[in-house]
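See structure below.
The values are calculated or read from the model by the stated rules, or taken from the named source; none is laboratory data. This is a predicted model, so every value here is computed, not measured. Glycine gets a Cβ as well: all are built from the backbone with ideal geometry, and neighbour counts include every protein chain shown. The accessibility values were calculated without ligands, DNA or RNA, using every heavy atom of the protein model including side chains. Shrake-Rupley method; radii C 1.70, N 1.55, O 1.52, S 1.80 Å.
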Amino acid sequence: MTISEYIKNIFRRRILRKLDGKVETGIIPVSQVHTAVAFISVQDPSFDECKLKLQAFYRENKIKGEVFFFDFRKVGKGERLITSITTTILEKDLDWLGRPVKEKVDHMLGSHPDMFISLLPTNSFPLEYMAKCSEARFKIGRFDMPGNTFDLVITDPQDRSLSQSESFDEIKHFLSLIK
């Protein structure tokens with residue numbers, strides 16, 4: 001680890017500590033969820049299928065929901081963005097610490113979500129920052145983060161990695177059991 005990475009990590013930990021515990025969270029039934037945000041990665045081949053499943057879930061449960069995308073791919077000059085620019089967090093939208101720009105954070109916070117869902121398969125500082133910034137009452141993820149950020153964690157089986165779409169199917173199953 002270089003000195004600059006070491007210093008960056010000190011600032012990151014300090015920022016996350018300030019955000020930690022801002023709002024009390026816990027498991028709530030879907031019937032109490034009116035707004036939601038979900039985060040998926042466009043690098044997962046199932047991201048489009050997953051987006052459609054999330055939107056269908058929102059409609060079925062009368063939830064006003066949005067899907068945010070993490071797209072850290074190198075996009076060439078001839079390539080076009082395949083997701084909405086307002087809900088897509090690109091590499092260029094991160095500051096030197098890795099925090100998404102204020103407009104993206106404000107857009108997520110603006111809907112005042114009751115539920116936060118992360119379908120990203122690995123932890124990253126931008127995701128951890130968004131999860132800690134969120135004032136959602138119920139947070140769901142695929143791995144545990146420091147500070148018990150997520151109220152419900154659905155991990156992959158030991159024998160294989162699930163796609164985001166498969167993970168969401170498992171999350172929906174568990175959500176149906178919460179009354």
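Quick rundown of the values:
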item: Residue under evaluation residue 70, criteria (1) out of contact with any strand residue (DSSP E or B) (no Cβ under 8 Å at 6 or more places or on another chain); (2) closer than 21 Å to residue 146 by Cα, criterion not met; result: (1)
item: Residue in region 157-164 that is touching a Leu at 6+ places or on another chain (Cβ under 8 Å), closer than 15 Å to residue 54 by Cβ and open to solvent by less than 50 Å² (accessible area, probe 1.4 Å) present; result: yes
item: Considering residues of region 38-64 that are touching a residue at least 40 places away in the same chain (Cβ under 8 Å) and not hydrophobic (A, V, I, L, M, F, W, C) only, the residue surrounded by the fewest Cβ atoms within 10 Å (Cβ to Cβ); result: 45
item: Restricting region 15-37 to residues that are among the small types (Gly, Ala, Ser) and open to solvent by 50 Å² or more (accessible area, probe 1.4 Å), the residue that is modelled with the lowest pLDDT; result: 21
item: Test: residue in region 73-93 that is within 13 Å of the chain's Cα centre (by Cα), part of a loop (DSSP other than H, G, I, E, B) and exposed (fewer than 15 other Cβ atoms within 10 Å of the Cβ); result: no
item: Failed item in (1) within 30 Å of residue 31 (Cβ to Cβ); (2) part of a loop (DSSP other than H, G, I, E, B); (3) touching a Pro at 6+ places or on another chain (Cβ under 8 Å); (4) not polar (S, T, N, Q), with residue 150 passing the rest; result: (3)
item: Any chance residue 118 is under 29 Å from residue 32 (Cβ atoms), among the polar types (S, T, N, Q) and over 12 Å from the mean Cα position of the chain (by Cα); result: no
item: Flag if residue 143 is part of a loop (DSSP other than H, G, I, E, B), surrounded by fewer than 18 Cβ atoms within 10 Å (Cβ to Cβ) and in contact with a strand residue (DSSP E or B) (Cβ under 8 Å, 6 or more places away or on another chain); result: yes
item: Among (1) in contact (Cβ under 8 Å) with a residue 60 or more places away in the chain; (2) farther than 15 Å from residue 37 by Cα; (3) buried (at least 21 other Cβ atoms within 10 Å of the Cβ) - the single one residue 108 does not satisfy; result: (2)
item: Members of region 1-14 found to be under 13 Å from residue 146 (Cα atoms) and either over 24 Å from the mean Cα position of the chain (by Cα) or open to solvent by less than 60 Å² (accessible area, probe 1.4 Å) (or both), listed by number; result: 12
item: Scope region 26-62; condition among the aromatic types (Phe, Trp, Tyr) and within 12 Å of residue 168 (Cα to Cα); matching residues; result: 39, 47, 57
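Listed here are the residues, each with its yes/no results for (1) surrounded by fewer than 20 Cβ atoms within 10 Å (Cβ to Cβ); (2) at negative phi; (3) in contact (Cβ under 8 Å) with a residue 40 or more places away in the chain.
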| position | (1), (2), (3) |
| --- | --- |
| 117 | no, yes, yes |
| 123 | yes, yes, no |
| 151 | yes, yes, yes |
| 155 | yes, yes, no |
